[in-house]
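So the structure is just underneath, and the comments pick up after that.
Values in this text are rule-based calculations from the coordinates and carry no lab data. Note that the coordinates shown come from a computational prediction; the quantities given were computed from them, not determined experimentally. So basically every Cβ, Gly included, is an ideal-geometry build from the backbone, and we count neighbours across all protein chains shown.
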C-alpha cells in the first residue's frame, strides 16, 4: 500500500528556557531556514519588548530578523494568513489568547514556532508557555550557563528587588543561574 502524504498539515513548535539560553537564536535559525526553503514566513513580537529593536527580533548575541509588532495575540491571525511559517518571540509577554491563536494557525496548516521563558524570576511557570508546551507537537528546552558556577542554567535570576512579574530587561536586571545557585525571592518580595 502506498502511504498517503498529507499536505498543509500544521503543527506547533515551542522553544523554551531561561533568559540567555539561546531561545531567540534558535527561533531565528529556524525562520532563516524556512526563508531559504522559499516558504512564506511571518514573524511577530509583542509591543512591550523594545529592548533591542522596534521592528526586529534580536538575540542577546545580536542576531536579528525583521518582525511585526503586535499588541495582542489575536492580531497575529489576520497578519499571518498568507504565511506558511509563523514565528512568535517572547511568548510570555502575550495574553492567554496566544494558545488559541497558535491552535488556529496550526489548524490552518501553518507551522507555528513560538519562543519564550518557561518560568519567571521566581521559578514559577510563566503563562501561556505551559499551555503552549502541552499542545505543541515539538518542544525544545534550551539552557544557559550559570554565571556563578558554570553549570547548565535553567533559572532566570532577577538582580533587583522589584516584585512586578513582568519587567523587560537584559543583563542589567537578569542573569542565568543553575538550580543550586538560583535564589528565589522571599515571600514578601514576590
| note | With Cα coordinates, the longest principal axis of the chain makes an angle with the long axis of helix 97-107, in degrees rounded to 10, of 30 degrees
| Taking the simple approach of a point 7 Å from Cα along Cα-to-Cβ for both residue 75 and residue 151, what is their distance in nm? | 4.2 nm
| Going by average Cβ neighbours within 10 Å, how do the peptides 148-157, 54-63 rank, with the highest at the top? | 148-157, 54-63
| task | Rank-order 138-144, 125-131 by packing density, defined as the average count of other C-beta atoms within 10 Å over each peptide's residues, highest first. | result | 125-131, 138-144
| task | Given the peptides 31-40, 100-109, 66-75, 115-124, arrange them by the average over their residues of other C-beta atoms within 10 Å, most packed first. | result | 115-124, 100-109, 66-75, 31-40
| request: Note down the nm distance, to one decimal, between modelled labels 7 Å out along Cα→Cβ at residue 38 and at residue 135. | output: 3.3 nm
| query | Which value results for Rg/Rh of the chain when Rg is the Cα radius of gyration and Rh the Kirkwood radius based on the inverse mean 1/r? | reply | 1.00
| message | Shape verdict for the range 21-113, please, from the Cα gyration tensor: rounded (a/c under 1.5), prolate (a/b greater than b/c) or oblate. | response | oblate
| request: Compute the acute angle (0 to 90°) between the alpha-carbon long axis of helix 23-36 and the principal axis of greatest extent of the alpha-carbon atoms of the chain; round to the nearest 10°. | output: 20 degrees
